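The values are calculated or read from the model by the stated rules, or taken from the named source; none is laboratory data. No experiment lies behind these values; they were computed from the predicted model shown. Positions of Cβ are backbone-derived with ideal geometry, glycine not excepted, and every protein chain shown enters the neighbour counts.
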């Protein structure tokens, strides 16, 4: 597996509008894209070649809400760009790496993503993302 770059850093926030205000007003950055996905509101803010992905849960029992309740706001995951998520998952599985996702799923921007369990990546939830957009199967 060739890891091309850090694609984005996911940051769990309780209030997306307040978080966007900090990054745009205090740091002078610009929100490039916003979307809703599976019980989350997401804002992407480019910083050089890396995006910050601000994530707010829209449900009390969502993944991000649970994360914030347990650990507080902050870095949720680091995403790495790979050429092929399916192949990367197979390689990692062959190495005995614990996976959250056994197969790719649809992520933000319509891109294939999959997560590696933090127990295998030294406490950091790791996302694999392919920057080629795909159409949802089903």
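Remarks
- Yes/no for residue 34 being out of contact with any helix residue (DSSP H, G or I) (no Cβ under 7 Å at 6 or more places or on another chain) and either without any contact (Cβ under 8 Å) to a residue 24 or more places away in the chain or loosely packed, with under 12 Cβ neighbours inside 10 Å (or both): yes
- Residue match in segment 52-62 (condition: touching a strand residue (DSSP E or B) at 6+ places or on another chain (Cβ under 7 Å), loosely packed, with under 15 Cβ neighbours inside 10 Å and not in a strand (DSSP E or B)): yes
- Identification of strands (runs of 3 or more DSSP E) wholly contained in segment 63-138 with 2 or more residues that are touching a residue at least 12 places away in the same chain (Cβ under 8 Å) and over 23 Å from residue 12 (Cβ atoms) yields 126-133.
- Test: residue in segment 17-27 that is assigned to a loop (DSSP other than H, G, I, E, B) and either in contact with a strand residue (DSSP E or B) (Cβ under 7 Å, 6 or more places away or on another chain) or surrounded by 12 or more Cβ atoms within 10 Å (Cβ to Cβ) (or both): no
Here's the yes/no breakdown for (1) in contact with a helix residue (DSSP H, G or I) (Cβ under 7 Å, 6 or more places away or on another chain); (2) more than 26 Å from residue 19 (Cα to Cα); (3) modelled with pLDDT under 95:
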| residue | (1), (2), (3) |
| --- | --- |
| 54 | yes, no, no |
| 57 | yes, no, no |
| 78 | no, no, no |
| 86 | no, yes, no |
| 93 | no, yes, no |
| 134 | yes, yes, yes |
